[in-house]
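Below: one structure, written as structure tokens.
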Amino acid sequence: MLDDLYRQLIMEHSRTKRNHREIDNGTHIHYKNPTCGDVMTLYWKWGPDGILEDVSFVGEGCSISMASCSMMTEMVKGRSLEEVKAMRGAMEKLIREGKEPGEIDLGDALSLAGVHRLRARHNCALMPWQALDRAFLK
């Protein structure tokens, strides 16, 4: 039953993407999933207070990658760099190791926990986070 709810949430984020737009006067990076060819352009704008003021994406790909992009933009908007780094680490553990985070709230992204069992889809779920790595996390 929970798996069905998670699947529905993933499909809903894939069909009705949040923050699916360009940001005028923002910074952007193009990213292509190295394993399947899904693509995205990640846009962001930092506020003067060190808070991620706005984040969005445009892209095409499978339902897992597009849902993950949508979820990631909702999670990190309004957060500090340190908070974004913590979320990034929690997502990596969730997808690659199947470990749910303790104190880090991943919100809707917890619905991607089942991807852990689908090794070939790990990079789909982690695509927006890998784009963040290239953009400003590493």
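Every read-out reported here was derived from the displayed coordinates using simple, explicitly stated rules and does not represent laboratory data. Note that the coordinates shown come from a computational prediction; the quantities given were computed from them, not determined experimentally. Cβ: placed from backbone, ideal geometry, glycine included. Neighbour counts: every protein chain shown.
Taking (1) among the β-branched types (Val, Ile, Thr); (2) in contact with a His (Cβ under 6 Å, 6 or more places away or on another chain); (3) surrounded by fewer than 19 Cβ atoms within 10 Å (Cβ to Cβ) in turn, Ile95 satisfies each apart from (3).
Matching residues to (1) farther than 23 Å from Gln8 by Cα; (2) surrounded by 15 or more Cβ atoms within 10 Å (Cβ to Cβ); (3) of a type outside the set (Asp, Glu):
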site: Pro34; (1), (2), (3): yes, no, yes
site: Met91; (1), (2), (3): no, yes, yes
site: Leu126; (1), (2), (3): no, yes, yes
site: Ala131; (1), (2), (3): yes, yes, yes
site: Ala135; (1), (2), (3): yes, yes, yes
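Scanning the range 112-124 for residues being surrounded by fewer than 19 Cβ atoms within 10 Å (Cβ to Cβ), aliphatic (A, V, I, L, M) and assigned to a helix (DSSP H, G or I) gives a total of 2. Here Tyr43 meets the list (1) crowded, with 17+ Cβ neighbours inside 10 Å; (2) touching a residue at least 24 places away in the same chain (Cβ under 8 Å); (3) out of contact with any Pro (no Cβ under 7 Å at 6 or more places or on another chain) almost entirely, failing just condition (2).
Taken residue by residue, the range 2-17 has no member that is touching a helix residue (DSSP H, G or I) at 6+ places or on another chain (Cβ under 8 Å), closer than 16 Å to Ala135 by Cβ and either surrounded by 13 or more Cβ atoms within 10 Å (Cβ to Cβ) or in contact (Cβ under 8 Å) with a residue 40 or more places away in the chain (or both). When the residues of the range 94-138 are filtered to those that are small (Gly, Ala, Ser) and touching a residue at least 40 places away in the same chain (Cβ under 8 Å), the one that is farthest from Ser80 (Cα to Cα) is Ala120.
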